[in-house]
Structure formats: structure tokens, C-alpha cells
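In what follows, a single structure is set out as C-alpha cells and then discussed.
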Amino acid sequence: MPDTLFSRARLLFFARVTAGEPRHAARPGLELRRATPDDGARYEMCVGTDSARTFARRLTAETDCYIVAAGDDILHASWVTRGAAWTREVRRYVVPRPGDAYVYESFTATGARGRGIYPFALTGICMSLSQRDTTMLWVAVEDRNLASLRAVTKAGFEVQTEVSYSRRMGVTTVRPPRPLGPRGSLAPALLRSPAGFAG
């Protein structure tokens with residue numbers, strides 16, 4: 001059956017305590033920082049998933065975008081929320097517990113891939129969040145995305161749970177999370193269906 005009619009995959013949830021020694025040293029010529037609305041035009045040009053206006057609207061008290069820039073170019077962007085984020089793979093909201101955050105929608109420019117920029121960004125995000133009353137950072141990676149799986153483990157994240165899902169004729173079926181690590185039992189509380197989400 002064609003993949004457009006039926007597909008099956010796993011979403012792996014990783015977690016890492018935000019405090020601790022950085023795993024990746026400063027990178028000359030690269031700047032990691034929280035984005036501001038003024039970065040909207042550069043984000044639109046370099047990443048392209050949002051216009052400058054929608055980019056600025058997405059930045060809230062609960063949601064930040066961290067960027068890795070080299071001069072005027074954005075080489076990497078990751079969104080981080082302490083609120084809720086829609087996860088298209090399982091068609092659920094990920095809602096971190098109080099004191100936790102969730103990183104999602106990570107992008108690395110094609111020409112910057114394979115240079116360790118994503119682990120560098122994740123490490124820096126952890127350091128930043130540890131100073132902002134956030135103790136745990138979660139990230140989800142599809143099991144077939146080998147590059148991202150390598151990146152998150154290099155940044156010190158450990159797999160905690162898996163969520164298997166399938167799609168048949170446009171209908172998504174999500175199986176209960178299966179714990180894989182010491183924080184695996186926390187993962188079911190992270191996922192909320194649209195009907196069960198009051199955000």
C-alpha cells in the first residue's frame with residue numbers, strides 16, 4: 001500500500017536536565033541567542049516557515065525562538081515552549097509540566113548541516129533555560145530521523161519514552177506511550193488530544 005495511504009512510525013521523546021556542564025564549547029563566528037521580533041525579517045528570509053509578522057506573533061511569554069546566527073545569516077532555529085506545541089506527527093499537543101520546557105520545530109540550513117550546530121544549539125538552550133527556572137527540557141524525534149537522533153544524544157538527551165502511531169487513509173491512530181527511561185512515566189501527561197486540551 002503506498003505510504004500516502006498507510007504509514008507507521010515511532011516518535012521518541014528525549015529529556016535532559018538543563019543544569020550542568022556545557023557539552024559543546026563556544027563556536028567562533030556563531031552566536032546563539034533568544035530571538036526578538038526584530039529577527040522576523042531574517043527568519044522569513046533564511047528559514048521561510050513564517051513571515052516576519054507571524055514570527056513576531058509566535059514569540060510570547062511562554063514561547064521563545066532560539067537562533068544560531070553567523071553574521072546576517074540564521075543557520076539554525078529552534079522553538080521552545082513552556083506552554084503547548086502542536087505535534088503534527090501524532091496530532092496531539094505537547095504540554096510540558098511546570099518547570100519543564102519542550103523544544104520543537106528545529107531547523108538547520110542545508111549548508112550548515114553536519115557541523116554540530118544542532119547539538120551546540122540544544123546545549124546553549126539548556127544553559128539559558130537553567131537560568132530561567134526551567135529544570136528539564138524535552139524534545140521529540142521521529143525514529144527515522146537519524147541525524148536528529150545523533151544530535152540530541154550528543155547534546156546529552158536520553159530517550160524516555162516512545163509513541164507509536166500509524167496513518168491509514170488520513171486517519172491517525174496513536175498508541176499509548178511506552179516508557180524507555182527513568183522519566184518515561186511522565187511522557188503520557190505531556191500529550192493532549194485537541195479535544196482534551198484547554199489552553
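The values are calculated or read from the model by the stated rules, or taken from the named source; none is laboratory data. The structure presented is a predicted model; accordingly, all values stated were derived computationally and were not measured. Cβ: placed from backbone, ideal geometry, glycine included. Neighbour counts: every protein chain shown. Accessible surface areas use protein heavy atoms only, side chains included; no ligands, DNA or RNA. Shrake-Rupley method; radii C 1.70, N 1.55, O 1.52, S 1.80 Å.
As an exercise, use a Förster radius of 22 Å and the Cβ-Cβ distance of V171 and T49 to find the FRET efficiency, rounded to the nearest 0.05.
0.25
Multiply the residue separation of S164 and R178 by 0.36 nm, subtract the distance between their alpha-carbon atoms, and state the gained length in nm to one decimal.
Length gained, S164 through R178: 4.2 nm.
From the square roots a ≥ b ≥ c of the eigenvalues of the alpha-carbon gyration tensor of the stretch 10-117, which class results: rounded (a/c under 1.5), prolate (a/b over b/c), or oblate?
Since a/c reaches 1.5 but b/c is at least a/b, the shape of the stretch 10-117 is classed as oblate.
Could you give me the radius of gyration and the Dmax of the chain, taking only the C-alpha atoms into account and expressing both in angstrom?
Values for the chain (Cα only, Rg and Dmax): 16.7, 50 Å.
Taking every eigenvalue of the Cα gyration tensor of the stretch 97-145, multiplying by 5 and rooting it, what semi-axes result, largest first, whole Å?
For the stretch 97-145, the semi-axes come out at 23, 14, 7 Å.
In the neighborhood of G83, defined by Cβ-to-Cβ distances under 15 Å, what is the net charge if each Lys or Arg adds +1 and each Asp or Glu adds -1?
Cβ neighbours under 15 Å give a net charge of +2.
Give the ranking of E162, E142 by solvent-accessible surface, highest area first, calculated with a 1.4 Å probe.
E142, E162
Would you mind working out the accessible area per residue for the chain, using a 1.4 Å probe, and quoting it in Å²?
Here the residues of the chain average 51 Å² of exposed surface.
For the pair T135/F6, report the inter-label distance in nm, with labels modelled 7 Å from Cα in the Cβ direction.
That separation, rounded to one decimal, is 4.6 nm.
Note down the net charge around P194, summing +1 for each Lys or Arg and -1 for each Asp or Glu among other residues with Cβ under 13 Å from its Cβ.
+4
Counting pairs of alpha carbon atoms under 8 Å apart in space and at least six apart in sequence, what relative contact order in percent does the chain give?
Answer for the chain is 30 percent.
What is the sum of charges around M136, taking Lys and Arg as +1, Asp and Glu as -1, for the other residues whose C-beta is under 15 Å from the C-beta of M136?
Summing Lys and Arg as +1 and Asp and Glu as -1 gives +2.
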